[in-house]
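*Asks:* Just passing along the structure, written as structure tokens.
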Amino acid sequence: MKKTGILFLVMLCSLGLVFASAQKEANEKQIIEISSNVTEEGQIATQQTVFETLVGEYNQTHGIQYELRFVSGQGMDITNTRMSSKDKPDIFTIDSPADVHRYQKDGLLLDLTPYAKQYNWEGTLFDWAYKLSIIDDKVYTLPFGYEGMVVWYNKEIMGKLGLTPESLTNLASFESALKKAKDNGYIPIMLGSQDWPWAQEWYLSILFSYTGRELLKSTIEGKEKQGWNQQAFRTTVELVKSWNDKGYLADGKSFTLTSDDAINAFTSGKALFKVEGTWAPYWIIPLAQEDYEKIGVMLHPAINANEQPHMPLAVGGMWCASASTKHADISGYILSNMMRDEFQGKFLESGLDIAPKVIDKAQFANLSPIVQEMWKMVNTALDNGSFGYTTWAFFPPETRLYAYEGIVDVYGEKITIDAYLAELQRLNTKELKEGFVPVIPSAK
């Protein structure tokens, strides 16, 4: 055999090996990991199904073999740990716009602007929700879910006490109801935050918003010189501390009881009211019918003459992609297509967040009456502009954190109310100077 023939065969073999290697690489499955904070079985199954559908679509369209790795139950503590390590998920959810600012400052978030433009996020999302996705003119997150703060009540206890939601119109009538519940052996307002410290901000969101929405908005924006030190906020904190001291608020144990303690006390008929947001269907839906039918929903009564009852508004979570992901395109595809109407009914039926956009009313059709009533309240608040401002959606991050941590010290008399408000003011001012830009929609 001639030398040239041998060289030719060697070249053919080499090319064949390269081609085979390329084919093998093209056919190998790549992993796209999505980390979610949900823990309820039905919600996990729903998210898994939706994400599998979207990964399958992307594979079929692009001729790529991605495999979904879906990890649930990853709360903020776990997410914080993972995002500070080399073991980062491709897509993950965090709790609030406040957290987004912190993550973006640390360079942990993928710039999603190209996908936001490609899939027209601005034209799809509510304007206020889309603006919450933007930092320094770039889109870093998909705000997902719109939610609000409501009060759940026990219909049987309400009837036994001779009360109706319609009779609770102002502070005097509400405090009278709390006293009547306490005197008859019931816990007036149930709340537990020992395992979920953020629960303390649920009630603060209602009470600070009810203090005065324009006042709160201008305080967060730094337009009020006295800001958090104003008497209006002092009166509100004095009010909720008095409820804690009188045992109206979880027998004065809201910060030592767990979230399950609070849910169990309410569903077993020991409490008149349960303060929780519109995500509560996750524990209401699985209840036995006789327990389920005892539950009603209402807006919190007014606490002063400044405001009528309204719904403090928020986004349910912020879906992000890691800046270090090697799978940016499929990440952008999944986040953008989560907003499709066909998925919103599935999310609603399992008590998950839905996209903050106008949603076809047919998607609400399969919900139970109490959940339908709740969503009617949410959508009415949005349509009429009768909404307020939750801490986790609109406060600067450090200010928000101190709001719910500091209130526990107020309840325990470790600090004074004046010291609490002074620290809120100091942090709010500091964060504005450091570049935090509040995005707060105007309400009616």
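Where a number appears in this text, it was derived from the coordinates with a stated rule and is not lab data. Please read these numbers as outputs of a predicted model, since none were measured by experiment. Positions of Cβ are generated from backbone atoms using ideal geometry, with glycine treated the same way; all protein chains shown enter the neighbour counts.
*Asks:* Round to the nearest 0.05 the FRET efficiency obtained for Glu405 and Val437 when R0 = 25 Å and r is the Cβ-Cβ distance.
*Replies:* Approximately 0.60, to the nearest 0.05.
*Asks:* Now, a different point. Ranking His300, His62 by Cβ neighbours within 10 Å, fewest first, what do you get? Intermediate values should be presented prior to the final figure.
*Replies:* Numbers: His300 22, His62 12.
Ranking His300, His62 by Cβ neighbours within 10 Å, fewest first, gives His62, His300.
*Asks:* Under a straight-distance cross-link criterion of Cα-Cα below 20 Å, which aspartates and glutamates are reachable from Lys430, leaving out those fewer than 8 residues away in the same chain?
*Replies:* Cα-Cα hits under 20 Å: Asp99, Asp106, Asp136, Glu221, Glu224, Glu398, Glu405, Asp418.
*Asks:* Is it possible to state the helix-based mean residue ellipticity at 222 nm for the chain, with each DSSP H run of 4+ residues giving -39500 (n - 2.57), the sum divided by total residues, to the nearest 500 deg cm²/dmol? What is it?
*Replies:* After summing the helix terms and dividing by residue count, I get -15000 deg cm²/dmol.
*Asks:* Can you run phi through the Karplus equation (6.51, -1.76, 1.60; θ = phi - 60°) for the stretch 437-443 and list ³J(HN,Hα) in whole Hz, with x for Gly and Pro?
*Replies:* Those phi angles translate into 10, x, 10, 10, x, 7, 10 Hz.
*Asks:* Let me ask another. Near the amide H of Ala271, under 5 Å away, which other amide H atoms are found, from residues 5 or more places off or on another chain, if H is placed in the peptide plane?
*Replies:* It is Ile187, by chain and number.
*Asks:* Please list 3J(HN,Hα) in residue order for the stretch 88-95, calculated via the Karplus relation 6.51 cos²θ - 1.76 cosθ + 1.60 where θ = phi - 60°; whole Hz, with x for glycine and proline.
*Replies:* Whole-Hz 3J(HN,Hα) from phi for the stretch 88-95: 8, x, 6, 10, 8, 10, 10, 7.
*Asks:* Can you list residues from other chains, or at least 5 along the same chain, whose modelled amide H is less than 5 Å from the amide H of Ile135?
*Replies:* Here the answer is Tyr140, since their amide H atoms fall under 5 Å of that of Ile135.
*Asks:* If you don't mind, there's one more thing I want to ask. Taking θ as phi - 60°, what are the ³J(HN,Hα) couplings along the stretch 178-188 by the Karplus curve (6.51, -1.76, 1.60), each to the nearest whole Hz, with x for Gly and Pro?
*Replies:* 4, 5, 5, 5, 4, 5, 9, x, 9, 7, x
*Asks:* Right, next: Quick one: if you stick a label point 7 Å off each Cα along the C-beta vector at Gln30 and Lys376, how many nm between them?
*Replies:* 4.8 nm
*Asks:* A further question follows. If each of Glu413 and Ser218 carries a label point 7 Å out from its Cα toward its Cβ, how far apart are those two points in nm?
*Replies:* In this crude label model, Glu413 to Ser218 measures out at 3.6 nm.
*Asks:* Hey, another quick one. Within a Cβ distance under 10 Å of Ile187, other residues only, what is the Lys/Arg minus Asp/Glu net charge?
*Replies:* So the surrounding residues net to +3.
*Asks:* What net charge is computed for the residues neighbouring Thr169, neighbours being all others with C-beta under 14 Å from the C-beta of Thr169, Lys and Arg scored +1, Asp and Glu -1?
*Replies:* Values: positive: none; negative: Glu166, Glu175, Glu307.
Combined, the nearby Lys, Arg, Asp and Glu give -3.
*Asks:* Rounded to the nearest 5, what % of DSSP beta bridges with both residues in the chain are antiparallel?
*Replies:* 60 percent
*Asks:* Another question about this same structure. Structure shown: which of Lys182/Lys414; Lys217/Lys294; Lys246/Lys414; Lys88/Lys223; Lys246/Lys270 lie over 28 Å apart, alpha-carbon to alpha-carbon?
*Replies:* From Lys182/Lys414; Lys217/Lys294; Lys246/Lys414; Lys88/Lys223; Lys246/Lys270, over 28 Å: Lys217/Lys294; Lys88/Lys223.
*Asks:* Also: Counting only residues 5 or more places away or on other chains, whose amide H sits under 5 Å from the amide H of Ser386 once H atoms are built in the peptide plane?
*Replies:* It is Lys444, by chain and number.
*Asks:* Give me the number: length gained by fully extending Asn366 to Glu67, i.e. 0.36 nm times residue separation minus the C-alpha to C-alpha distance, one decimal in nm.
*Replies:* Here the answer is 104.5 nm.
*Asks:* Something else now. Which option, [x] 21.7, 70; [y] 25.3, 107; [z] 21.8, 75, is the value of Rg and Dmax of the Cα atoms in Å that was calculated from these coordinates?
*Replies:* Checked against the structure: label [y].
*Asks:* With label points built 7 Å along Cα→Cβ from the Cα atoms of Ser324 and Asn337, find their separation and express it in nm.
*Replies:* 2.8 nm
*Asks:* Next up: Considering the zone a paramagnetic label at Glu293 would reach in this model (a point 7 Å from Cα along the Cα-to-Cβ line), which residues of the stretch 263-282 have amide N under 18 Å from it?
*Replies:* 267-269
*Asks:* Just check the stretch 50-145 against the gyration tensor rule for me: Cα atoms, a ≥ b ≥ c as the square roots of the eigenvalues, rounded for a/c under 1.5, and otherwise prolate or oblate depending on whether a/b exceeds b/c. Don't skip to the end; give the middle numbers.
*Replies:* Values: a/c = 1.81, a/b = 1.09, b/c = 1.67.
Judged from the Cα gyration tensor, the stretch 50-145 comes out oblate (a/c at least 1.5, b/c at or above a/b).
*Asks:* To continue, here is another question. Excluding residues on the same chain fewer than 8 positions from Lys346, give the lysines whose Cα lies under 23 Å from its Cα.
*Replies:* List returned: Lys357, Lys361, Lys376.
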